[in-house]
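The values are calculated or read from the model by the stated rules, or taken from the named source; none is laboratory data. These figures come from a predicted structure and were not determined experimentally. Positions of Cβ are backbone-derived with ideal geometry, glycine not excepted, and every protein chain shown enters the neighbour counts. Protein only, heavy atoms only, side chains kept; ligands, DNA and RNA dropped before computing areas. Shrake-Rupley method; radii C 1.70, N 1.55, O 1.52, S 1.80 Å.
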Amino acid sequence: IVALLQTHIQASSVWPPAVQLTVAPDPPDKLAGENVLGVYLYHVTEDAFNKNPPPFGNDQPPIRYTPMPLNLFYQISAHSDLPTPTGAYREQLMMGCALKALHDFPIITDATVFGGAPLLAPSLRNLDNRLQIELRPVTAEEAVTFWTAGSSPLRLAAYYHVAVVMLEPDAAQSR
């Protein structure tokens, strides 16, 4: 997601070409700089539907040698140290570009490329990954609870669910 946002926003026709964007995995209260987009992983769950695959005979490996399907939940927020109103407008521009990028690429697979380069990191390729990115319908009232847990005031944010990410097991030493 970080690579997608960095590449897509920098290539956007609305993003100022001379302005450098930083996409960071930091929580919103740790973002600092003029043009910083935070992609914070705030929650992980095991995907119940893909948790226990059906058995393939009597020669099933122990659970520890099977992939663990995960649902990832991200909070995306923008930060700019530029003075108001320039900083506020820049944050809104970053958020708009991020929403557009994630809308344009709702599914990422090995075959997904942008600007001639694959989006998945080399370590994630050729594993049959199919990452579905979905904007979560968080109400304004619910969004307040994400912010009141910390010391930061309420800020513009978007919440995304990425499924299903397979956490690969260690290779079996012997059977």
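How would Ser80, Ser123 line up by accessible area, probe 1.4 Å, largest first?
Greatest to least solvent exposure: Ser123, Ser80.
For every helix of n ≥ 4 consecutive DSSP H residues, a contribution of -39,500 (n - 2.57) applies; sum these over the chain, divide by its total residues, and give [θ] at 222 nm rounded to the nearest 500 deg cm²/dmol.
Mean residue ellipticity, 222 nm, calculated: -7000 deg cm²/dmol.
At a 1.4 Å probe, what is the % contribution of carbon and sulfur to the accessible area of the chain?
58 percent
Could you sort the peptides 101-110, 136-145 by per-residue average Cβ neighbour count (10 Å cutoff), highest mean leading?
101-110, 136-145
Could you give the accessible area per residue of the chain, probe 1.4 Å, as a whole number in Å²?
Heavy-atom accessible area per residue stands at 61 Å².
Are there chymotrypsin sites (Phe, Trp or Tyr not before Pro) in the stretch 88-159 that DSSP puts in a loop and that have at most 14 other Cβ atoms within 10 Å, and which ones?
In loop regions of the stretch 88-159 (DSSP not H, G, I, E or B), there are no sparsely surrounded chymotrypsin sites (Phe, Trp or Tyr not before Pro).
Taking the structure as given and computing Rg/Rh (Cα atoms, Kirkwood Rh), which label from [x] 1.04; [y] 0.98; [z] 1.00 fits?
[x]
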